[in-house]
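Participant: The following block contains the structure, expressed as structure tokens.
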Amino acid sequence: MSEDALSVQPDSPVTSRKSSAGPRNVLRLARYTVLKLGSLFIAVVVGIYLTILIANMGGYVDQILRGQIREQVSISIGMDPEMRQRPVEERNRLIEETIAIEEERLGLNQPFLIRSFRFLHRALTLNLGRAQFMSSDSGSRLVSNIILERLPSTLLLMATANLLLFFVSVFFALYLSRNYGNVLDKMVVGLSPTSAVPAWFYGIFLILLFAAVLGWLPFGGMVAAPPPPQLGPRLLSMGRHLILPVVAWLLSGFFGSAYGFRTFFLIFSMEDYVELARAKGLSDRDVERRYVLRPTLPNIITTFALMLITLWQGAIILETIFNWPGLGRLLFQAIGLFDTAVIVGSNVIYAYLLALTVFLLDFIYALVDPRVRIGSGGAK
């Protein structure tokens, strides 16, 4: 065959398939990302609207607010010496006008159904205006400032506790799978039901033992009062305050996680390809890392992510028990004060965090397991 013939020969099917695979994969990934984000956004919208209905008790909180407004305005005008000298009819008229102005300012002069959809739009953008009763540590009444001021504290506590819980559970489960049936393995199996106990329950006993009786650690808070002026001592103080809530979180989830992960490792270690790898002379560490740990990670990550969604509910009471200045304690205080805007805003943040966790799961699967193709719909 001549050289000219080779130069004009069309590309082979394999080459064409490879060149077109890249754009198709990008398009498939983009389509999957849009659909996934859309479905998660719909779930967040439905959840937030239900939160608005529950937080307002179907309009019952509006009646409470109207009663509080009437009481505050009546007391304020009744205590004014100048108002006392005016006729009763004029005072009553002024009270009603002031109440109407305050109700209009809070939007209570509109039907609850209309206000609920407007409130939903503002909630999704965290444009919730001013809190009714609460304020941030800096004195701001804006709901967004109140929430964003507490968010870093919650992220610090949750990130520290959950990362420790995940890695400690995984490595301890690997150890148990190597030593199946020993005393420690049986002990973990027996203690696994204790993970049904919430973290705040363990936190109460940890406070009694290590703070009240032994005096080794602080009762609660995020840093000593007054805070140390230097950065180093302040970080050490923050670390001491982190110990008890993190340990409570670990006690709540450790035994159940270790037992579940250990079961996954045992199942995968009995596969034929693992026995073949051992027969080829690979070390136990290599077999464990390549053929047991890696294919098990998607199952472990799924189990851990679902457990995180459950544990987030207990974080509200945990932060309250330890007086931790995070979103959980803020939400607890807002519920007690019927501050609907702060309640909804806190739940919006929780909903976004949970939706982000679910969204990132598929991409984490693709990173830890090359067999997973995002958006492939099961196609090979």
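Any read-out appearing in this document is the output of simple, stated calculations on the displayed coordinates, not a laboratory observation. Values in this document were obtained by computation on a predicted structure and should not be read as measured data. Cβ sites come from the backbone with ideal geometry, for glycine too, and all protein chains shown count toward neighbours.
Participant: Using the Karplus curve 6.51 cos²θ - 1.76 cosθ + 1.60 with θ = phi - 60°, what ³J(HN,Hα) values do you get for each residue of the stretch 266-278, in whole Hz, with x for Gly and Pro?
Facilitator: Rounded to whole hertz, the list is 5, 5, 6, 6, 9, 5, 5, 5, 6, 5, 5, 5, 5.
Participant: Can I ask one more? Counting C-alpha atoms alone, how compact is the stretch 150-368: give Rg to one decimal and Dmax as a whole number, in angstrom.
Facilitator: Computed over the Cα atoms of the stretch 150-368, radius of gyration and Dmax are 20.1, 67 Å.
Participant: Next up: Kindly put Asp80, Asp137, Asp185 in sequence by how many other C-beta atoms sit within 10 Å of each C-beta, fewest to most. Numbers along the way, then the final one.
Facilitator: Numbers: Asp80 13, Asp137 10, Asp185 19.
Sorted ascending by nearby Cβ count, the order is Asp137, Asp80, Asp185.
Participant: Would you mind working out the magnitude of the charge dipole of the stretch 150-368 relative to its Cα centre, with +1 at each Lys and Arg C-beta and -1 at each Asp and Glu C-beta, to the nearest 20 Debye?
Facilitator: Working: 13 positive and 10 negative charges, 78 e Å.
Once rounded to the nearest 20, the dipole reads 380 debye.
Participant: Could you line up Phe254, Phe205, Phe219 from fewest to most neighbouring Cβ atoms inside 10 Å? Mind dumping the intermediate values first?
Facilitator: Numbers: Phe254 21, Phe205 11, Phe219 15.
The fewest-first ordering by Cβ neighbours comes to Phe205, Phe219, Phe254.
Participant: Could you please rank Ser76, Ser138, Ser144, placing first whichever residue has the fewest other Cβ atoms within 10 Å of its Cβ? Please report the intermediate quantities before stating the final value.
Facilitator: Working: Ser76 12, Ser138 8, Ser144 17.
Sorted ascending by nearby Cβ count, the order is Ser138, Ser76, Ser144.
Participant: Let me ask another. Over the stretch 127-218, what number does the Rg to Rh ratio reach, with both radii from the alpha-carbon atoms and Rh per Kirkwood?
Facilitator: Details: Rg = 20.2 Å, Rh = 17.3 Å.
That ratio equals 1.17.
Participant: Ok, one more. Can you list the residues of the stretch 231-261 with backbone N under 20 Å from a point 7 Å past the Cα of Ala224, pointing along Cα to Cβ?
Facilitator: Within reach of a label on Ala224, which here means backbone N under 20 Å from a point 7 Å along Cα→Cβ, the stretch 231-261 contributes 231-246.
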